[in-house]
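Here's the structure, in structure tokens; my notes come after.
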Amino acid sequence: MEQRSLFEIFSDEPLASRMRPENLDEFVGQTHLTGENKILRKIIESDNISSMIFWGPPGVGKTTLARIIANETKSEFITFSAVTSGIKEIKKVMEEAENNKKMGVKTIVFVDEIHRFNKAQQDAFLPFVEKGSIVLIGATTENPSFEINNALLSRCRVFVLKELSSEDILVLLKRAITDEKGFGKEKIDISEDNLRIVADFSNGDARAALTMLDMLVTNTEESEDGSLKITKEFIEECLGKKTLLYDKNGEEHYNIISALHKSMRNSDPDAAVYWLARMLEAGEDPIYIARRITRFASEDIGLADTNALNVAVNVYHACHFIGMPECNVHLTEAVIYMSLAPKSNSCDIAYRAAGTDARKMLAEPVPLVIRNAPTKLMKELNYGKGYQFAHDSKDKLTSMECLPPSLAGKVYYTPGTQGNEVRFKERLEKIKAWKKANKDN
């Protein structure tokens, strides 16, 4: 049976672009910002736009929200790309904005991937934002605290956009099949279960999900009844991987991350690598796994091997930089290291015990002896009176009690018996013995 050409049936414009929402009612996800009576919806609907930054992972609606603002606002709307624009282009647009301001017209400048602008380029916006010549809207996948100049960031409100759920993605995929802007004029035969496979593989990225659907539809052969039937087997063929039993939002997700965690805790590198592979091959976000490994490094290894946290954090950054599939080897290195490292949960136990006491005693005052006394009045009230500066002591130790009186002598940290904690235990015993011997000094 002859396969129809993409150019014979469908628009040249990508599906993700054709299906981009034009108003808030069509927008899916981010209900914490755009839901009824939520802050961003109010700002857009009242056309009370101020400078803001949209921070979130790819494909969650940052650019779409900017375009909705462009449709809803009465301002001049200019789009920038941080990849292709330089200082010259910025200055030209700023001149236009100044002229618009003289005419009583507000200018909104949208900068996609604003984190790619260097300091000089970001500084070029600052005086115009301060003067009110422009309203700046930036979109970024990177933490604005690290990637955007403090002066510019302080003049923008940051809105954090979350990864879309599989249910959100499913809504978008169903709409793409029925809407005439998508494939509404075609007879697409795909079950909800198969649509969910596409949604799960997209990792919360709407653009990726719609691109996958576009590829599936445009590469499916027409059936005798004129429909385009998309099967599970065809999806697996196109995606290049099997759809394993794994629901990233359901019980199996938590079962397998638990299996990974407990395999590492049980010092079983083979099992740990297997459960890691089960997650990655099923389409799990590597960043999620890297975060869980980072937690494990302190919860189950802690001070027994302080390098474990270094390994975990470095692997997290490596996954962030290069993504899948290349970062699978970094994660493998991490889970093997965690499996073979000496184990201690003493930090976790210490915090749990201290946390219990802290919740019960939130009003417990800080002992006067360890309070700062920056003013004359505080000194007169005995703040800091009797404080002993450890560095002035020969042994760099004092007998001063730092816990509240009601908790004096309470023990939270008990060193484990593996790795570095053998040394830490010896050190702690010597410290306690010294303090006991010098208690009245």
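Some points to look at:
- Cα-based reach from Lys38 at 16 Å (exclusive), listing lysines while leaving out same-chain residues under 8 positions away: Lys162
- Only lysines eight or more places from Lys379 in sequence, or on another chain, were considered; those with a Cα closer than 28 Å are Lys394, Lys396, Lys435, Lys439.
- The chain - accessible surface per residue (Å², probe 1.4 Å): 55 Å²
- Springs join every pair of Cα atoms under 10 Å in this Gaussian network model of the chain, and among Val313, Val217, Val366 the largest mean-square fluctuation is at Val366.
- Legend: distances between Cα atoms for Lys42/Lys102; Lys343/Lys430; Lys385/Lys425; Lys92/Lys181; Lys385/Lys436; pairs beyond 30 Å are Lys385/Lys425; Lys92/Lys181.
- Taking 10 °C and 1.306 mPa s as conditions, segment 264-420 diffuses translationally at an estimated 84 µm²/s according to Stokes-Einstein applied to its Kirkwood radius (Cα pairs).
- Sequentially through segment 373-387, phi angles give Karplus couplings (6.51, -1.76, 1.60; θ = phi - 60°) of 10, x, 10, 4, 4, 4, 5, 5, 8, 6, 5, x, 5, x, 5 Hz, Gly and Pro residues having no value and appearing as x.
- Overall shape: oblate for segment 55-160, with the ratio a/c of the largest to smallest alpha carbon gyration tensor axis at 1.5 or above and b/c at least equal to a/b.
- Axis of helix 206-218 versus longest Cα principal axis of the chain: the two differ by about 40°, to the nearest ten degrees.
- Theoretical ellipticity at 222 nm over the chain - DSSP helices of four or more residues, -39500 (n - 2.57) apiece, nearest 500: -14500 deg cm²/dmol
- Based on every Cα atom in segment 249-324, Rg and the maximum pairwise Cα distance Dmax equal 12.2, 34 Å.
- Net length gained if the chain between Asn438 and Asn48 were fully extended (0.36 nm per residue, minus Cα distance): 133.8 nm
- Highest-first packing order for the peptide set 344-354, 370-380 is 344-354, 370-380, based on the mean count of other beta carbon atoms within 10 Å.
- Unpaired Cys in the chain, meaning no second Cys C-beta under 4.7 Å: Cys156, Cys238, Cys347, Cys402.
- Segment 157-302: radius of gyration over Cα atoms, expressed as a fraction of 2.2 N^0.38 Å: 1.26
- Database remark: amide H of Ile53 closer than 5 angstrom to the amide H of Gly138, Arg157, Val158, Phe159 (H placed geometrically; neighbours at sequence offset of 5 or more, or on other chains; Pro and chain starts carry no H).
- With Cα atoms, 0 to 90° folded angle of helix 62-72 axis to the chain main axis: 60 degrees
- Pair-distance distribution P(r) for segment 121-198, from all Cα-Cα distances in 5 Å bins starting at 0: 3, 12, 17, 13, 8, 7, 9, 11, 11, 7, 2, 0 percent.
- Portion, in percent, of the accessible area of segment 31-84 that falls on carbon or sulfur, probe 1.4 Å: 45 percent
- P(r) for segment 73-119, from all Cα pairs and a bin width of 10 Å, is 27, 50, 22, 1 %, short bins first.
- Residues whose amide H lies under 5 Å from that of Phe80, counting only those 5 or more places away or on a different chain, are Phe110, Val111, Asp112; hydrogens are built 1.01 Å from N in the peptide plane.
- Considering only alpha-carbon pairs that sit under 8 angstrom and 6 or more positions apart, the relative contact order computed for segment 99-237 is 18 percent.
- Label point distance in nm, Glu380-Thr79, each placed 7 Å from Cα along Cα→Cβ: 6.6 nm
- For the chain, the Cα gyration tensor yields ellipsoid semi-axes of 51, 35, 18 Å (square root of five times each eigenvalue, largest first, whole Å).
The values are calculated or read from the model by the stated rules, or taken from the named source; none is laboratory data. Bear in mind the structure is a predicted one, so any value in this text is a computation, not a measurement. With ideal geometry, Cβ positions are generated from the backbone for all residues, glycine too; neighbour counts draw on all protein chains shown. With ligands, DNA and RNA removed, areas are computed over all heavy atoms of the protein, side chains included. Shrake-Rupley method; radii C 1.70, N 1.55, O 1.52, S 1.80 Å.
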